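The values are calculated or read from the model by the stated rules, or taken from the named source; none is laboratory data. Just so you know, these numbers come straight off a predicted model, no measurement behind them. Virtual Cβ from ideal backbone geometry, glycine too; neighbours counted across all protein chains shown. Areas reflect the complete protein model, heavy atoms only, side chains present, ligands, DNA and RNA absent. Shrake-Rupley method; radii C 1.70, N 1.55, O 1.52, S 1.80 Å.
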Amino acid sequence: MQPTNDRDVLLVVDIQNDFCPGGALAVPGGDEIVPVVNRLAHGFAHVVLTQDWHPPGHSSFASAHPGKAPFDSVEMPYGAQILWPDHCVQGTPGAAFHPGLDIPHAELIVRKGFRRAIDSYSAFQENDRKTPTGLTSYLRERGFERVTLCGLATDFCVLYSALDARAAGFATTVVIDACRGLDVGGSIARALEEMRKAEIKLI
Ligand SMILES: [Zn+2]
């Protein structure tokens with residue numbers, strides 16, 4: 001890994017209790033990456049954390065759609081949306097960061113998914129692909145040129161965040177050992193392929 005400087009930022013995606021074993025939407029092995037991510041983060045002068053942060057009754061929850069079950073798909077005004085178990089509800093213990101996450105020098109926490117009608121996998125743009133979170137402007141204004149990503153889940157929030165970082169013009173790297181995925185119907189393999197095609201460096 002290259003030495004980092006003021007042009008590099010690490011984006012740590014959604015390492016929250018609900019995405020770890022025992023949580024509402026557990027990613028298999030999600031907690032295993034915590035020490036790896038801590039080590040990685042201590043090599044970066046600049047770190048940004050993201051936090052999935054839904055109001056109760058969020059439209060991405062299966063419970064908000066009568067007759068639907070988690071992992072069913074529905075058509076939203078912005079396209080297909082997978083439905084999830086209720087997770088990362090604002091202010092609940094499930095929405096808190098994993099207690100082992102030790103990155104006190106993180107400079108920003110980006111919360112996403114707080115609009116009831118739109119889900120947000122990406123830290124940059126919500127799932128309608130047009131509502132920005134503000135992160136692109138923040139990173140540009142700070143003068144960052146390279147974004148390295150890790151976290152949960154490889155095939156959803158890490159994937160979409162990495163694609164958007166690349167599309168915004170940042171040199172983009174994903175540290176695969178510091179990610180875990182949900183793998184819904186082969187989605188991890190598809191995610192890796194999609195990232196490679198977008199010229200995202202996988203290490
Ligand atoms: Zn969510």
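For segment 83-88, 3J(HN,Hα) computed residue by residue from phi via the Karplus equation (6.51, -1.76, 1.60; θ = phi - 60°) reads 8, 10, x, 3, 8, 6 Hz, glycine and proline entered as x.
DSSP beta bridges fully contained in the chain are about 20 percent antiparallel. Quick check on the chain: helices-only [θ] at 222 nm, where DSSP H runs of length 4 and up contribute -39,500 (n - 2.57) each and the sum goes over total residues. Nearest 500, please. Mean residue ellipticity at 222 nm (helix-derived): -5000 deg cm²/dmol. Compared with the alpha-carbon gap, the fully stretched path from R116 to R7 is longer by 35.8 nm at 0.36 nm per residue. What the Cα convex hull of the chain gives, in volume per residue, is 109 Å³. The listed peptides 83-96, 172-185, 128-141, ordered by packing as a protection proxy, come out as 172-185, 83-96, 128-141 (highest mean of other Cβ atoms within 10 Å first). Taken along the Cα-to-beta-carbon direction at a fixed 7 Å, the label points for E32 and E75 span 4.0 nm. Nonpolar atom fraction for the chain, defined as the carbon and sulfur part of the 1.4 Å probe accessible area, stands at 54 percent.
Amide H contacts of L202: V174, each under 5 Å away and 5 or more positions distant or on a separate chain (H built 1.01 Å from N in the peptide plane; Pro and chain starts excluded). A straight Cα-to-Cα reach below 25 Å connects K197 with the lysines K130, residues fewer than 8 places away in its own chain not being considered. Rolling a 1.4 Å probe over the protein heavy atoms gives the chain an accessible area of 44 Å² per residue.
With θ taken as phi - 60° and the Karplus curve 6.51 cos²θ - 1.76 cosθ + 1.60 applied, the whole-hertz 3J(HN,Hα) list for segment 143-158 is x, 6, 10, 10, 10, 10, 10, 8, x, 10, 9, 2, 8, 10, 5, 5 Hz, x standing for glycine and proline.
Taking amide hydrogens as placed 1.01 Å from N in the peptide plane, the amide H of V110 sits under 5 Å from those of L49, T50, Q51, each at least 5 positions away in sequence or on another chain. For segment 15-31, backbone phi angles converted through the Karplus equation (6.51, -1.76, 1.60; θ = phi - 60°) give residue-by-residue couplings of 8, 10, 4, 5, 9, 10, x, x, x, 5, 9, 5, 8, x, x, x, 6 Hz, Gly and Pro being listed as x. For a paramagnetic label modelled on Q90 (point 7 Å from Cα along Cα→Cβ), amide N atoms under 19 Å away belong, within segment 131-158, to 131-135. For the peptides 8-19, 33-44, the ranking by packing is 8-19, 33-44, with the highest mean count of neighbouring Cβ atoms within 10 Å listed first.
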